[in-house]
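Just below is one structure, and these are the notes that go with it.
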Amino acid sequence: MENKTNQVFYTMTEDEALQAVHSSKEGLTSEEAKKRLAENGANELEEGKQRSLFEKFMDQFKDFMIIVLLVAAVVSLFVNESGTPDPSDAIIILAVVILNAILGVFQESKAEEAINALKKMASPVAKVLRDGHIVHINSENLVVGDIIVLEAGDVVPADMRLIDVNTLKVEEAALTGESVPVEKHIGKKDTVDITIGDRNNMVFSSTNVTYGRATGVVVNTGMNTEVGKIAHMLVNTKESKTPLQENQDSLGKTLTIMILVIAVLIFVVGMLKGNEWTHMLLTAIAIAVAAIPEGLPAITTIILALGTQKMAKRHAIVRKLPAVETLGGVEIICSDKTGTLTLNQMTVEKMVYNNQIHEASEEIMLSNSALRVMNLANDTKIAPDNSLIGDPTETAMIQFGLDKNYDVRQELENMPRIGEVPFDSARKSMSTVHKLEDGRFFVATKGAPDMLLDLVTKIELNGEVIDITDTHKEEILALNKEMATHALRVLAMAYKTIDEEPANMDADTVENNLVFAGLVGMIDPERQEARDAIKVAHEAGIRTIMITGDHKDTAQAIAKRLGILEKDQVGGVLTGAQLNELSDEELANSIEEYSVYARVSPQHKVRIVKAWQADNKVVSMTGDGVNDAPSLKQADIGVGMGITGTEVSKGASDMVLSDDNFQTIVVAVEEGRKVFSNIQKAVQYLLSANFGEVMTLFIATMAGWSILEPVHILWINLVTDVFPAIALGLEESESDIMKHSPRGKDSNFLSNGVLPSIYYQGILEGGITLFVYWYASHQAGWENAVAETMAFATLGLIQLFHAFNVKSVYKSLFTVHAFKNKMFNYAILVSAAMLLVVLLIPGLTTFFDSVSLSGTQWAIVLASSFAIIPIVELAKAFMRAIGMDKK
């Protein structure tokens with residue numbers, strides 16, 4: 001029986017829940033279970049529509065720039081003065097396009113990976129009451145109405161309404177983000193609008209039982225479970241294009257329109273000047289092909305790939321290439337708290353004894369009564385390798401003892417446990433009874449301070465046991481409140497020594513006339529490196545937002561310790577319940593007001609990410625739990641945790657931190673900023689060169705000059721574009737790269753001074769080339785073949801000299817270590833050799849319609865080409881003087 005009416009089982013009594021699913025405490029018959037399984041399907045998660053490898057490959061060709069390149073490849077077949085097809089340029093372009101497609105398919109992470117990981121989390125076997133007997137069955141065969149028995153160590157196999165509980169605690173961090181296991185009860189809830197973390201009469205699929213036992217009735221299976229809802233969100237969450245992909249699309253479309261207009265204009269003007277239409281058509285096509293930076297997608301891919309290699313060495317594993325660049329533009333880091341900003345490990349931080357607060361780092365006497373009680377009244381199991389198994393709160397106290405060299409195993413040999421009064425949520429305490437070597441008995445009790453104080457009659461102060469007074473109790477409660485305000489989970493310790501073994505091991509007999517020993521304050525502490533990283537991120541203009549399933553006070557305290565909130569700040573925290581009262585529009589309008597979100601659900605996380613995106617911010621989401629997966633996928637870049645992260649969160653992420661260190665995110669941001677900066681350099685270099693070529697041909701055509709042949713344009717485009725542009729991707733970060741604010745979502749490859757640089761530098765390249773041709777043909781009186789060759793050589797060499805200029809948009813070449821990048825130096829030399837070889841070797845000069853030049857002519861070419869460097873240096877100095885580099 002599927003829950004098709006969205007019944008709210010936590011607001012029902014146990015009997016009402018059983019009636020709603022047409023079951024009873026005796027469970028279902030095998031026949032009825034078989035019938036329901038056939039009607040409603042298996043208790044498993046559905047997969048999204050699987051796409052074939054061919055479909056994934058073909059998707060790579062939907063990019064507008066790729067379509068332009070494919071058209072260019074076809075057109076380039078006919079770029080030949082003889083009119084016969086020339087496949088060389090087409091082959092190069094196609095090779096680039098296919099390489100991009102293969103890399104795209106290889107790198108891209110798909111939603112089915114996350115779904116498969118979710119499926120693996122399902123409990124393989126469940127203990128079910130069928131036909132009146134407990135049987136073990138595979139969890140996929142569970143149906144609504146089944147009665148399940150849960151014990152410590154079990155994985156919950158489906159969403160269940162509890163009908164019988166015996167001190168049950170369930171760890172739900174992967175689903176809710178709450179670090180402390182949740183105590184479960186059977187009483188119904190009066191309010192419908194409560195988060196998953198507050199539905200403590202229910203347990204949810206794929207969570208873990210850490211303590212106690214219980215019986216429950218299955219109310220939802222498969223895709224109707226809370227984890228199933230997450231799977232559904234993953235399947236239906238559309239992956240938005242990264243800023244890099246949007247930039248490439250926009251740039252491709254803009255260039256295409258400009259190229260078509262210029263090519264048509266050149267063709268028309270050339271015809272009006274009386275040139276042959278075939279020659280002008282070939283010239284127009286040649287300039288169109290040359291103007292398209294066909295190497296840009298490949299160069300971008302290579303720069304990104306090099307970035308991923310560097311990031312991998314620094315513990316950031318990139319699963320999608322564009323994620324490298326996206327990180328560089330991040331303005332908001334939305335981070336899960338538990339396990340990401342904190343250690344996901346309860347730790348003793350403060351203790352109270354002698355009615356004074358002591359830091360956990362202080363030395364403590366091994367005879368301290370509070371230390372003894374916290375270790376004895378404890379069900380933690382210690383493995384031979386000293387690893388601890390049990391409730392996180394209890395393991396924290398044992399770990400504290402081990403750190404202080406308190407040998408609890410030896411202590412238990414000297415005073416073995418002979419009885420216990422288990423924890424009960426009503427009285428909020430537990431006790432153990434131990435036999436002493438002198439024949440007497442020691443009672444160790446721990447519990448909630450306010451409850452335990454009603455059971456004590458004495459207090460130990462400085463080794464002396466005296467009667468407890470109201471003043472003592474008031475002091476203890478004040479100390480408890482002080483620790484609680486720092487979000488510490490506080491437990492009280494008490495004991496007594498008795499002469500005879502208790503007649504009955506129950507609370508009434510054991511827990512009375514106790515001696516108060518002290519308080520223990522625990523917390524899931526913040527990571528020190530996370531606090532440092534948040535500070536660095538803040539300096540880089542990046543805001544950190546903490547999102548957690550923990551309670552508001554805990555979240556607020558941790559946020560202040562991390563520096564997300566100011567220490568004296570009031571507000572800035574929004575709970576899931578408050579979030580429910582806000583519409584998406586109201587949330588988007590108020591999103592800047594909040595830095596911390598507490599008691600939230602997976603749906604809330606997605607809403608928060610969307611609200612920041614609606615504010616036009618580039619958003620990163622960091623997380624490690626199942627509950628983080630939808631928001632990781634929704635974010636511009638999802639960052640998963642490699643060690644503590646679930647396979648679900650890793651599968652939904654764009655990048656995984658192999659060291660789970662929040663500091664690595666800052667490293668990745670710096671690398672991302674460097675990658676974007678280097679791509680901008682490649683774009684500036686390519687487009688300024690192409691703009692120079694277009695300007696040269698356009699003005700020459702308008703003037704009626706025959707300045708360059710189509711083969712000249714294509715060869716320059718081939719030999720000067722690729723190698724220098726790739727080498728620019730290996731440039732080191734500029735020293736102040738993390739001192740600037742994020743570039744923002746509206747920024748693109750042409751921002752930050754790149755576009756005006758392309759214009760004025762392209763004009764300079766074209767102008768100098770035109771000047772050389774004009775001087776050679778109109779002033780020196782050399783024949784047109786010589787003037788064309790000089791223009792060809794000048795346009796090629798000027799681009800190589802200009803490559804040094806683009807190492808920085810505004811900074812002087814002499815401050816950016818011009819020759820430090822060895823690969824860049826080699827790239828310039830190789831490109832120069834490829835250019836000069838067709839100008840110097842006789843057989844090749846004929847093929848490339850060029851002639852030999854004299855020493856004087858070469859001197860003019862070299863001087864004119866080199867002139868681009870001092871001229872750009874002067875332009876940069878002027879821009880710095882008027883403050884353009886500060887904008």
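The values are calculated or read from the model by the stated rules, or taken from the named source; none is laboratory data. Computed from a prediction, not measured in an experiment: that's the story for all the values here. Here the Cβ is made from the backbone with ideal geometry for all residues, glycine too, and neighbour counts use every protein chain on show.
A single member of Val465, Val520, Val490, Val515 is outside any helix (DSSP H, G or I), of a type in the set (Val, Ile, Thr), modelled with pLDDT of 90 or more and in contact with a Phe, Trp or Tyr (Cβ under 7 Å, 6 or more places away or on another chain), and it is Val515. Yes or no: Asp524 of a type in the set (Asp, Glu) and surrounded by fewer than 17 Cβ atoms within 10 Å (Cβ to Cβ)? Taking the combined requirement at face value, the residue does not satisfy it. When you check Glu671 against the structure, is it out of contact with any strand residue (DSSP E or B) (no Cβ under 7 Å at 6 or more places or on another chain), surrounded by fewer than 22 Cβ atoms within 10 Å (Cβ to Cβ) and in contact (Cβ under 8 Å) with a residue 12 or more places away in the chain, yes or no? For Glu671, the condition - out of contact with any strand residue (DSSP E or B) (no Cβ under 7 Å at 6 or more places or on another chain), surrounded by fewer than 22 Cβ atoms within 10 Å (Cβ to Cβ) and in contact (Cβ under 8 Å) with a residue 12 or more places away in the chain - is not met.
The single condition from (1) in contact with a strand residue (DSSP E or B) (Cβ under 9 Å, 6 or more places away or on another chain); (2) assigned to a helix (DSSP H, G or I); (3) surrounded by 14 or more Cβ atoms within 10 Å (Cβ to Cβ) that Val536 fails is (1).
Specify which of the listed residues (Ile364, Ile357, Ile332) is free of Cβ contacts under 8 Å to residues at least 60 places away in the same chain and either of a type in the set (S, T, N, Q) or not assigned by TED's automatic domain parsing to the domain that holds Val209 (or both).
On the way: Ile357 fails: free of Cβ contacts under 8 Å to residues at least 60 places away in the same chain; Ile332 fails: free of Cβ contacts under 8 Å to residues at least 60 places away in the same chain.
Within the list Ile364, Ile357, Ile332, the selection yields Ile364.
Filtered by the rule that a residue be small (Gly, Ala, Ser), within 23 Å of Leu343 (Cβ to Cβ) and buried (at least 21 other Cβ atoms within 10 Å of the Cβ), region 479-521 gives Ala487, Gly521. Scan (1) farther than 23 Å from Ile357 by Cβ; (2) part of a strand (DSSP E or B) for the single condition Asn504 breaks and write down its number. It fails just one condition, (2). Among the criteria (1) surrounded by fewer than 23 Cβ atoms within 10 Å (Cβ to Cβ); (2) assigned to a helix (DSSP H, G or I), the one His817 does not fulfil is (2).
Considering only region 440-472, state which residues are of a type in the set (Asp, Glu) and out of contact with any helix residue (DSSP H, G or I) (no Cβ under 6 Å at 6 or more places or on another chain). Full working, then the answer.
Step one: list which residues in region 440-472 are of a type in the set (Asp, Glu), which gives 450, 454, 460, 464, 467, 470.
Residues satisfying the conditions are Asp450, Asp454, Glu464, Asp467, Asp470.
Scan region 838-855 residue by residue and report those that are farther than 18 Å from Phe801 by Cβ and not in a loop (DSSP other than H, G, I, E, B). If the condition is that a residue be farther than 18 Å from Phe801 by Cβ and not in a loop (DSSP other than H, G, I, E, B), then Val838, Leu840, Pro842, Gly843, Leu844, Thr845, Thr846, Phe847, Gly855 are the ones that fit.
Among the candidates Leu175, Leu162, which residue alone is in contact with a helix residue (DSSP H, G or I) (Cβ under 9 Å, 6 or more places away or on another chain), part of a helix (DSSP H, G or I) and crowded, with 22+ Cβ neighbours inside 10 Å? Reasoning before the result, please.
Details: Leu162 fails: part of a helix (DSSP H, G or I).
Going through Leu175, Leu162 in turn, the sole match is Leu175.
Set side by side, the residues Lys567, Lys535 differ, and just one is over 21 Å from Met483 (Cβ atoms), out of contact with any Leu (no Cβ under 7 Å at 6 or more places or on another chain) and either outside the structural domain of Glu331 (by TED's automatic domain parsing) or not hydrophobic (A, V, I, L, M, F, W, C) (or both), which is Lys535.
Residue by residue through region 753-775, note down the ones that are in contact with an Asp or Glu (Cβ under 9 Å, 6 or more places away or on another chain) and either surrounded by 23 or more Cβ atoms within 10 Å (Cβ to Cβ) or hydrophobic (A, V, I, L, M, F, W, C) (or both).
Start the filter on region 753-775 by keeping residues that are in contact with an Asp or Glu (Cβ under 9 Å, 6 or more places away or on another chain), which leaves 753, 762, 765-766, 769, 773.
Scanning region 753-775 gives Glu765, Gly766, Thr769, Tyr773.
The set of residues in region 304-356 that are in a loop (DSSP other than H, G, I, E, B) and of a type outside the set (Lys, Arg) comprises His315, Leu321, Gly329, Val330, Glu331, Leu343, Asn344, Gln345, Met346, Asn354, Asn355.
Residues of region 625-637 include none that is touching a residue at least 40 places away in the same chain (Cβ under 8 Å) and on the phi > 0 side of the Ramachandran plot.
All conditions but one from (1) modelled with pLDDT under 90; (2) in a helix (DSSP H, G or I) apply to Lys49; the one that does not is (2). Filter region 432-449 down to residues that are of a type in the set (Gly, Ala, Ser) and surrounded by fewer than 20 Cβ atoms within 10 Å (Cβ to Cβ) and give me whichever is nearest to the chain's Cα centre (by Cα). Among residues in region 432-449 that are of a type in the set (Gly, Ala, Ser) and surrounded by fewer than 20 Cβ atoms within 10 Å (Cβ to Cβ), the one nearest to the chain's Cα centre (by Cα) is Ala448. In region 586-604, the residues that are farther than 12 Å from Asp615 by Cα form Cβ pairs under 6 Å with partners that are among the polar types (S, T, N, Q) and not in a helix (DSSP H, G or I), at six or more places apart or across chains, as follows: Ala598/Thr548; Ala598/Thr575; Arg599/Thr195; Arg599/Thr575; Ser601/Thr195.
Out of Lys617, Lys567, one residue alone is surrounded by fewer than 24 Cβ atoms within 10 Å (Cβ to Cβ), of a type in the set (Lys, Arg) and under 14 Å from Ile333 (Cβ atoms). It is Lys617. When Ile389 is tested against (1) more than 16 Å from Leu488 (Cα to Cα); (2) among the β-branched types (Val, Ile, Thr); (3) at pLDDT 95 or above, only condition (3) is not met.
Out of Leu750, Leu730, Leu708, which single residue is crowded, with 23+ Cβ neighbours inside 10 Å and part of a loop (DSSP other than H, G, I, E, B)? Even if it seems obvious, please write down each step before you answer.
On the way: Leu750 fails: crowded, with 23+ Cβ neighbours inside 10 Å; Leu730 fails: crowded, with 23+ Cβ neighbours inside 10 Å.
That would be Leu708, the only listed residue that is crowded, with 23+ Cβ neighbours inside 10 Å and part of a loop (DSSP other than H, G, I, E, B).
Scanning region 460-478 for residues that are under 30 Å from His551 (Cβ atoms) and either crowded, with 16+ Cβ neighbours inside 10 Å or touching a residue at least 60 places away in the same chain (Cβ under 8 Å) (or both) gives His472, Lys473, Glu475, Ile476.
Scan region 795-809 and tell me whether some residue there is under 18 Å from Ile726 (Cα atoms), out of contact with any Pro (no Cβ under 6 Å at 6 or more places or on another chain), charged (D, E, K, R) and in the same structural domain as Lys674 (by TED's automatic domain parsing). Checked region 795-809: at least one residue is under 18 Å from Ile726 (Cα atoms), out of contact with any Pro (no Cβ under 6 Å at 6 or more places or on another chain), charged (D, E, K, R) and in the same structural domain as Lys674 (by TED's automatic domain parsing). Cβ separations smaller than 6 Å between residues 6+ apart or across chains give the following pairs from region 743-765 residues that are closer than 12 Å to Gly329 by Cβ to residues that are aliphatic (A, V, I, L, M) and crowded, with 21+ Cβ neighbours inside 10 Å: Lys745/Val618; Phe749/Val683.
Would you say Asn405 is surrounded by fewer than 16 Cβ atoms within 10 Å (Cβ to Cβ) and either of a type in the set (Ser, Thr, Tyr) or farther than 30 Å from Gly187 by Cα (or both)? Even if it seems obvious, please write down each step before you answer.
Working: surrounded by fewer than 16 Cβ atoms within 10 Å (Cβ to Cβ): yes; either of a type in the set (Ser, Thr, Tyr) or farther than 30 Å from Gly187 by Cα (or both): yes.
Yes; evaluated as a whole, the condition is true for this residue.
If you go through region 744-767 and pick out every residue that is within 22 Å of Glu325 (Cβ to Cβ) and in contact with a Phe, Trp or Tyr (Cβ under 7 Å, 6 or more places away or on another chain), you end up with 2.
Flag: Leu813 matches the condition of being in contact with a helix residue (DSSP H, G or I) (Cβ under 9 Å, 6 or more places away or on another chain) and closer than 23 Å to Ile758 by Cα.
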